[in-house]
Amino acid sequence: MLCNLYLDGFDRAMLACGYRAIRYSDDIAIPVPDRGAAERALSDAARELAALRLNLDPVKSQVVSFDTGVPFLGAMVTSLTSPGAMALSHPLETVVYVDRPGSLVRSRGDRMVVEYQGEMLFRLNLKRIRQVVCTGRAGMTTPFMHRALRDGIDVILLDEHGGPGGRLTSLAHSDPAARRAQYNPCLALDLMEEFRPVVVDAVVLRCLSTGIVRFEEFETSPDLGCRMSARARQAFLTAYERRMLTVFTHEPTARRVSYRVGISLQAKALARAILDPDRVYRPVRWK
């Protein structure tokens, strides 16, 4: 009770700053819409507590996402732990695919805009974007690339046939040493095998068995082999993204997460095992 009385001033100060702090005794959570707001909230909370001659615990005080899980009051809170949560995850950030030849990706204020011959095809707040995948002759302006680097938006470049071209990743949002240690095609293949049957194979079988992608939409040539038409590719990517948002139980952490988050958790676990040989890597097993 004394803690609640003493921290009442903190609650009022945070509310005056525009935050809805959730507090139980001295355990505090401050939900905000994005990472930038979270960093500001952490700084504001430290300032208000310092006025009461209190300090934040540097170990427990951190910025975390609901997509990966927020530890609070002995439980792991995610976007899926609320009553009536659906079997599909609804993350704040999404992947944007740009595959129309001649289209241009640019930034306007806080939005990403995709244009084609002067016509706007698509726009979305940059805070909602985690990755942009550009295929073929889709261009990007220099201001957009700088904004993507600043905001930690991953940009993937593919050639016109879907082959890997390159990647634009900010050094401020990645660990170069870990990436260098992970630069081994075998590691990528090993990690992919854990999820291939339940993600890619499942999507391919569903698309073919339900007619989402039809036989006549495949084109063959001696030089390029077999390729999907533009409509089939779009339908497949839609089905793939829906599958990546499907929720499953991630056995190593005993949490309900989407396949996308699960792959990220396994990649981080693999990186830790590479950097620290004493760590045991726990793969995902399917029954």
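Every read-out reported here was derived from the displayed coordinates using simple, explicitly stated rules and does not represent laboratory data. The structure displayed is predicted, hence computed values, not measured ones. Neighbour counts are summed over all protein chains in view; Cβ atoms, including those assigned to glycine, are modelled from backbone coordinates with ideal geometry.
Which of rounded, prolate or oblate describes region 2-63 when judged by the alpha-carbon gyration tensor and an a/c cut-off of 1.5?
prolate
Across region 2-63, Cα pairs under 8 Å and at least six residues apart give a relative contact order of 26 percent. Starting from the Cα gyration tensor of region 99-172, take the square roots of the eigenvalues, sort them a ≥ b ≥ c, and report rounded, prolate or oblate (rounded when a/c is under 1.5, otherwise prolate if a/b is larger than b/c, else oblate). Cα axes put region 99-172 in the oblate bin. Using a 10 Å cut-off around each Cβ, can you sort 281, 97, 24 from fewest to most neighbouring Cβ atoms? Taking fewest neighbouring Cβ atoms as first place, the list is 24, 281, 97.
Taking the beta-carbon count within 10 Å as an exposure proxy, list 228, 244, 192 from fewest neighbours to most. Please list the in-between numbers first.
Numbers: 228 17, 244 20, 192 12.
Ranking 228, 244, 192 by Cβ neighbours within 10 Å, fewest first, gives 192, 228, 244.
For residue 133, the residues whose modelled amide H falls within less than 5 Å of its own, excluding neighbours fewer than 5 places apart on the same chain, are 96, 97, 98, 156.
Taking amide hydrogens as placed 1.01 Å from N in the peptide plane, the amide H of residue 111 sits under 5 Å from those of 126, each at least 5 positions away in sequence or on another chain.
Please report, to two decimal places, log10 I(q)/I(0) for region 178-275 at q = 0.14, 0.21, 0.25 Å⁻¹ as given by the Debye formula with identical point scatterers on the Cα atoms and no solvent. So the normalised log intensities are -0.69, -1.07, -1.23. With neighbour counts taken as other beta-carbon atoms within 10 Å, the residues 60, 127, 268 rank, fewest first, as 60, 268, 127.
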